[in-house]
1. Please give the length that would be gained between Leu177 and Val113 if that part of the chain were fully extended, namely 0.36 nm times their separation in residues minus their C-alpha to C-alpha distance (nm, one decimal).
2. Looking at segment 123-210, which trypsin sites (Lys or Arg not before Pro) are in a loop (DSSP not H, G, I, E or B) and have at most 13 other Cβ atoms within 10 Å?
3. Tell me the volume per residue, in Å³, of the convex hull enclosing the alpha carbons of segment 79-146.
4. Which entry is the computed Kirkwood radius over Cα pairs in Å for this structure: [x] 21.6; [y] 18.9; [z] 17.7?
5. May I ask you to list the residues of segment 117-139 whose amide nitrogen lies under 13 Å from a point 7 Å from Cα along the Cα→beta-carbon direction of Tyr59?
6. Do the sum for the chain: with -39,500 (n - 2.57) for every DSSP H run of n ≥ 4, divided by all residues, what is the mean residue ellipticity at 222 nm, to the nearest 500 deg cm²/dmol?
7. For the pair Met105/Glu124, report the inter-label distance in nm, with labels modelled 7 Å from Cα in the Cβ direction.
8. In the Gaussian network model of the chain, springs joining C-alpha atoms below 10 Å, which of Arg97, Arg39, Arg70 carries the largest mean-square fluctuation?
Amino acid sequence: LTRKLGASPTMMGLLFASFGVTVVCVAIPMGAVSDRVGRKGPLVGGLVALSIATAMFAYAETLPALFAARLAQGAADAVTWVVGFALLADLYDPAERGKASGIVMAGASSAFVIGPTLGGWLYELGGLRLPFLAVAVLSAAAAVFGTFLRLPDPPTNREPVPILAVLRVPAVRDCALAVTLAAATMSMLEPVLALHLQLLEINPARIGLV
């Protein structure tokens, strides 16, 4: 899509990176916000925003419109992930949280395997807009489902902890550093790999499979 709009590889990299900008900006305060207002509203709102942002991609005809959609998508993604994991902490005791988080991440990883393949196939089937519209519909369906969930109120006995104090805990700091390095490595490859495969004249469905 960016190449269709005349973007350079550097501009494509900036577009990928813009997602992370709003993830960082929104994710850090969102946990505290959901502690005050509850989990359900932000969770459903994030899914609605994700649906709208993804639909914006389908009809974007300029690079600024693409950047606006990508920034909105990053913010929506941050809300759903942070509030979702906060909800896990509400629902499960410390001894069970690792197992619950593992199940959630296994589901996410399975979707990361299915999604690109399905997206490439939908592109071949219905053109550029169809994958975006399919994701928008899935996000909207998840939002509707979320409105019927009965969720507990966040615990009120937790003391607020400043972000810097959290990062001073060695285990948290080391995990954050490891996640940052791993994510930087993967995100470095994402825009480059797609370009490389296009140069090899591989079709969209096979790019998705790779």
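The values are calculated or read from the model by the stated rules, or taken from the named source; none is laboratory data. A quick note: this is a predicted structure, and the numbers were derived from the prediction, not measured. A quick note on method: Cβ atoms are made from the backbone with ideal geometry, for glycine too, and the neighbour counts reach across all protein chains shown. To get the accessible areas, we keep the full protein, side chains included, count just its heavy atoms, and leave off ligands, DNA and RNA. Shrake-Rupley method; radii C 1.70, N 1.55, O 1.52, S 1.80 Å.
1. My answer for the length gained is 20.5 nm.
2. Arg150, Arg158, Arg168
3. 87 Å³
4. Recomputing Kirkwood radius over Cα pairs in Å here picks out [y].
5. Correct set: 133.
6. -28500 deg cm²/dmol
7. 3.3 nm
8. Top of the fluctuation ranking is Arg97.
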